[in-house]
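The values are calculated or read from the model by the stated rules, or taken from the named source; none is laboratory data. This is a predicted model, so every value here is computed, not measured. For neighbour counting, all protein chains shown are included, and Cβ atoms are generated from backbone atoms with ideal geometry for every residue, glycine included.
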Amino acid sequence: MLKVLKAGFYTTVQDAGRFHYRNKGVPVSGVMDEMTVFKVNSLLENKESSAVLEITMTGPTLIFEKETFMALGGAKMSATLNNLPIQNYKVYMIEKGDILSFGRLEKGFRSYLAVKGGFTSKEILGSRSFYKPISKVNRLTDNDVIPFSVVEDFQPKISEIKVASFLDESVLEVNKAPEFDILSDKQLEEIFSKTFTVAHENNRMAYQLTETIAPHTFSMLTSATIPGTVQLTPAGKLIVLMKDGQTTGGYLRAVQLTDKAICILAQKKGGDAISFKLV
Amino acid sequence: MNSPKIHIKPFGVHSVLIEWPNEVSEIILEKILHFERFLNKEVFTNKEWELVPSYNSLLIINRTKQIDFQKLSADINNWYVQLKESPKPDRYLWRLPVCYDLEFGLDLEEVANHFHKTKEEIIALHTGATYTVFGIGFLPGFMYLGGINKELELPRKATPRSKVVKGAVGIAGKQAGIYPQESPGGWNIIGNCAVPIFDASKENPCFVSVGDKIEFYKISKAEHDLHRIEAEVGIYKPEKIKINA
């Protein structure tokens, strides 16, 4: 078990996501930054779908109540294990009673904690990912406990990896989305030449962008959306849907983020700058 | 038989959108669902694929792999022109109880005033229609219902509510629906349905599917309370009638 001593800003259990219920309106959820989670799960020789903790902006204080192995990745949050600084992308052996805590957010926005074998909290509709009201809660609070299985003997093949970090990248590569071809030349020019600021309205459902582009008067019937869809409202506002984003929408779907671009954006916070590049 | 034309559009590297003519039509919806059944049964049998129908479109998503757009769109066109008539699947008309007491129908008086009708007349118009489920989205189990009586079409509220309760029955424009969970919302609220449209504890969390029909009937507060208790303990049983569309 892992016990939450202090919850921090917004920490959730996430796995690869909840699939095959989108036709009933259920968002896929799952980790926002898949590339980072792939790395931390690989380090621990976990399955790709093993559940991790997604830690946003201000980290929690956690106490391990069983032995295991852990690794962190993603945002740099001045993490310490029993008050000693630790690194991202490195396997640490955990003893019962060890305390993991986080300090100042140095870079990025979301940090991921993986344990050997993954967290084993309850699966609902095929996934452990938090999404209220499918899960009872939307984030961890003080004194919550998250189960994981005890590992007898694990010898990590690699104890740490050097990763090419994308935390400094700000260009989001995109492909066409269904309404791309009805955008005006002016709108296209603006999308691909402007620098946009991530608005403070950003969360697991969607990232709004502050700067607007030329407005439009098209209306369309409600149609499917996916994580990474960049919607354009009639007023010219851009909204990037993320993992908890709604499964259908009525706004124009201008462009679609690549898988990597979703990860890059997931590490941005309000005030950060991004731009789009068509590939 | 002449099939309505389709357009296939790229949507990122993992999905492809098939679009039918831009209209709300049960004929088009039937065609989409017919094609979706064929694709689910004959083509996209692997768990990697997911299909999402809505109004005049069908989204095909592959979870991990990149789609070869040119090849898949050629295939889709071929499959579509060769699509054979097939036995219609079981469809259901769901009859859902609604309590229209003012405690729940927060906007019922305003709606009645807007149309210069009595509350009873509004309720009769709402319960008198058979609705078609054109899509499920926005929230888990949120149905986009078409088929509202023209005399009940009115705009969304000028200022959306920051909190609409679970089960709230709403109307807006040409659409009707039920909020399956507490949520912000801008629809005009005229009643409440205690039967949960979405229940994550069930293997099939949402008994309604796109293409099904919905009717509402009026119940008293006492009956509503009883349905609410049934819902809490998980023994509710929405009334259904098998139909063949």
>> I'd like to check something: does the range B:45-62 contain any residue that is within 14 Å of chain A (Cβ to nearest Cβ), within 22 Å of B:N244 (Cα to Cα) and among the aromatic types (F, W, Y)?
In response: yes
>> It is to be established whether one or more residues within the range B:71-91 are farther than 26 Å from A:L252 by Cα and in a strand (DSSP E or B).
In response: yes
> Which residue out of A:T217, A:T222 is under 30 Å from B:T64 (Cα atoms) and at pLDDT below 95?
Replying inline: A:T222
> Hey, does the range A:156-165 have a residue that's within 19 Å of the chain's Cα centre (by Cα), surrounded by fewer than 19 Cβ atoms within 10 Å (Cβ to Cβ), part of a strand (DSSP E or B) and acidic (D, E)?
Replying inline: no
> Hey, does the range B:127-142 have a residue that's closer than 30 Å to B:A231 by Cα, without any contact (Cβ under 8 Å) to a residue 12 or more places away in the chain and in the same structural domain as B:G211 (by TED's automatic domain parsing)?
Replying inline: yes
> Out of A:G271, A:G245, which single residue is part of a loop (DSSP other than H, G, I, E, B), under 22 Å from B:Y144 (Cα atoms), modelled with pLDDT of 95 or more and small (G, A, S)?
Replying inline: A:G245
> Which one of these is crowded, with 17+ Cβ neighbours inside 10 Å and not in a strand (DSSP E or B): B:G105, B:G170, B:G177?
Replying inline: B:G105
> With (1) in contact with a strand residue (DSSP E or B) (Cβ under 9 Å, 6 or more places away or on another chain); (2) within 12 Å of chain A (Cβ to nearest Cβ); (3) not polar (S, T, N, Q) as the list, and B:I76 as the residue in question, which single condition is left unmet?
Replying inline: (2)
> Filtering the range A:166-192 down to residues that are within 27 Å of A:D33 (Cβ to Cβ) and of a type in the set (G, A, S), which residue is surrounded by the fewest Cβ atoms within 10 Å (Cβ to Cβ)?
Replying inline: A:S170
> Hey, among the residues in the range A:230-251 that are away from chain B (no Cβ under 12 Å) and under 14 Å from A:I191 (Cβ atoms), which one's surrounded by the most Cβ atoms within 10 Å (Cβ to Cβ)?
Replying inline: A:V240
> Before we move on, is A:L232 of a type in the set (A, V, I, L, M, F, W, C) and in contact (Cβ under 8 Å) with a residue 40 or more places away in the chain?
Replying inline: yes
